[in-house]
Amino acid sequence: MDIGTGLFTCQRRPDDDRSMDELYQELLELGRAIDDAGLASAWVSEHHFEEDGYLSGVMPSLGALAAVTDSVEIGPCIALSPLYDGVRLAEDAATVDLLSNGRLTLGLAIGSNPGEFDAFGISPDERVERLSDHINLLRGAWSPGPLEYDSEFHDISSDVTVTPKPTHDIPIMLGGAAKPAVRRAARTADAWCAPSSLSIAGVKKRVEDIRRVRAEENIAGEFTIYVLQHGFVAPDGAKDDEAWEQMKDGYFYIQRRYAEIFSGESVDELSAERRSELKEQAVHGTPDQVIDELERYRAALGDDIHFILRTYYPGIGTDAMRESIECLGEHVVPHFS
């Protein structure tokens, strides 16, 4: 089992008086910590036009992460594919891959926030078609020689050679929990990421479906299962619920903001029932407690998965997040190596 972390969002909570440039410097500082701790990956997340400054510049952020790290896999979890110009996405992703010496995995999804589509002038009814078109365009753009693909959404000659070419075949990871999204990943991508809302049983059901589809349709090649879940690691000897107390304010803030983003309505406070549900879902505690939780995933899914333990929470303090990353690398990762 590989273990990575993130997801960097660079949101500024109302009670955080730091400037935005300080939040982006925090991203770089924690990126270095992830690399130093020996974790497998570091991830950013994307949304647009949010009052708290939610990270929108995916490729510039990944380029900066590439420059301050040496070995970790980097990528978006998840980039909102329909909002991109496919050719520019191919160029920018190849550039990040070159800057990182072949460490990019490109996570993509169809998106679900109507406000973002309206602002970009993109019809949400075209989400699936645009994602599928982008996958074909990206692979054509990254292949040796001309594009050799007629894009439905980009008026570009198939004779054009898109440059630069990446240093390796950039894996494409797709997100989504619905059956069509999962099967789309199985058929057209190199990886699938299970969203944090899924239970272990829910992830297992979808992984079995992916493996069945690929076997029945004779789809060759490596396919990686990523599992995303919120969590936090406190040092050995920490008090009961110390990890939870450190993460909860930032965790609840993120979840409240997601509820607002996807509903389009203001959410002043999460209900007590929702807070309890979120605590139950998260993987948190001392290293031994976190290991026990991750063992449940390994028992259900096998050892060949990439677990993204989401430990970045706005406003909880850089030191706390760095210490969690260090505990994860020092005490949890070796158990699964």
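Computed from Cα atoms alone, the Kirkwood hydrodynamic radius reported for the stretch 180-318 is 16.7 Å. Between E245 and E273, residue separation times 0.36 nm minus the direct Cα-Cα distance comes to 8.3 nm. Counted without the sites themselves, the longest stretch of the chain free of trypsin sites (Lys or Arg not before Pro) in a DSSP loop having at most 13 other beta carbon atoms within 10 Å is 19-238.
For the options S158, S41, S276, a Gaussian network treatment of the chain with springs between C-alpha atoms closer than 10 Å singles out S276 as fluctuating the most.
Inter-part distance, the stretch 64-118 to the stretch 130-171, computed on C-alpha centroids, equals 15 Å. Remark on L7: its backbone amide H falls under 5 Å from those of T311, Y312, a criterion applied only to residues 5 or more positions apart or on other chains, H modelled at 1.01 Å from N. Here the extension length gained between Q281 and E129 equals 51.5 nm, from 0.36 nm per residue of separation less the Cα-Cα distance.
Would you give the gap between the C-alpha center of the stretch 1-56 and the C-alpha center of the stretch 220-272, rounded to a whole Å? Cα centroid to Cα centroid, the span is 14 Å. Ordering S324, S266 from the fewest to the most neighbouring beta carbons within 10 Å gives S266, S324. Contact order for the stretch 206-337, expressed relative to its length and based on alpha carbon pairs under 8 Å spaced 6+ residues apart, stands at 40 percent. Note on the chain: lysine pairs with Cα distance below 22 Å, sequence gap of 8 or more or different chains, count 6.
The magnitude of the dipole of the chain, with charges of +1 and -1 set on the Cβ of Lys/Arg and Asp/Glu and taken from the Cα centre, is near 980 debye.
Which loop-located GluC sites (Glu not before Pro) does the stretch 30-60 contain, where loop means any DSSP state but H, G, I, E or B and the Cβ has at most 10 other Cβ atoms within 10 Å?
On the way: sites: E46, E50, E51; in loops: E46, E50, E51.
Qualifying residues, ordered by number: E51.
Along the axis of the charge dipole computed for the stretch 2-336 (Cβ charges of +1 for Lys and Arg, -1 for Asp and Glu, origin at the Cα centre), the listed residues L294, T224, I308 are led at the positive end by T224.
Give, in nm to one decimal, the length gained when the segment between E265 and E152 is fully stretched (0.36 nm per residue of separation minus the Cα-Cα distance).
37.3 nm
Modelled spin-label separation between K179 and S56, with each label point placed 7 Å from Cα along the Cα-to-Cβ direction: 3.7 nm.
Which FRET efficiency value, to the nearest 0.05, do you get for Y258 and A220 by plugging their Cβ-Cβ distance into 1/(1 + (r/R0)^6) with R0 = 51 Å?
0.90
Residues whose amide H falls under 5 Å from that of F232, counting only those 5 or more places apart or on a different chain, are V283, H284, G285, with hydrogens built in the peptide plane.
Taking the stretch 103-204, which GluC sites (Glu not before Pro) meet the DSSP loop condition and have no more than 16 other C-beta atoms within 10 Å?
On the way: sites: E116, E126, E129, E148, E152; in loops: E148, E152.
Here the sparse-neighbourhood loop sites are E148, E152.
Could you work out [θ]222 nm for the chain from helices alone, using -39500 (n - 2.57) per DSSP H run of at least four and dividing by all its residues? Round to the nearest 500 deg cm²/dmol. Intermediate results must be reported in sequence, preceding the final value.
Values: 12 runs with 153 residues, N = 337.
After summing the helix terms and dividing by the residues of the chain, the value is -14500 deg cm²/dmol.
Values quoted throughout were computed directly from the atomic coordinates according to the rules given, and no laboratory measurement underlies them. Computed from a predicted structure; not experimentally measured. Cβ: placed from backbone, ideal geometry, glycine included. Neighbour counts: every protein chain shown.
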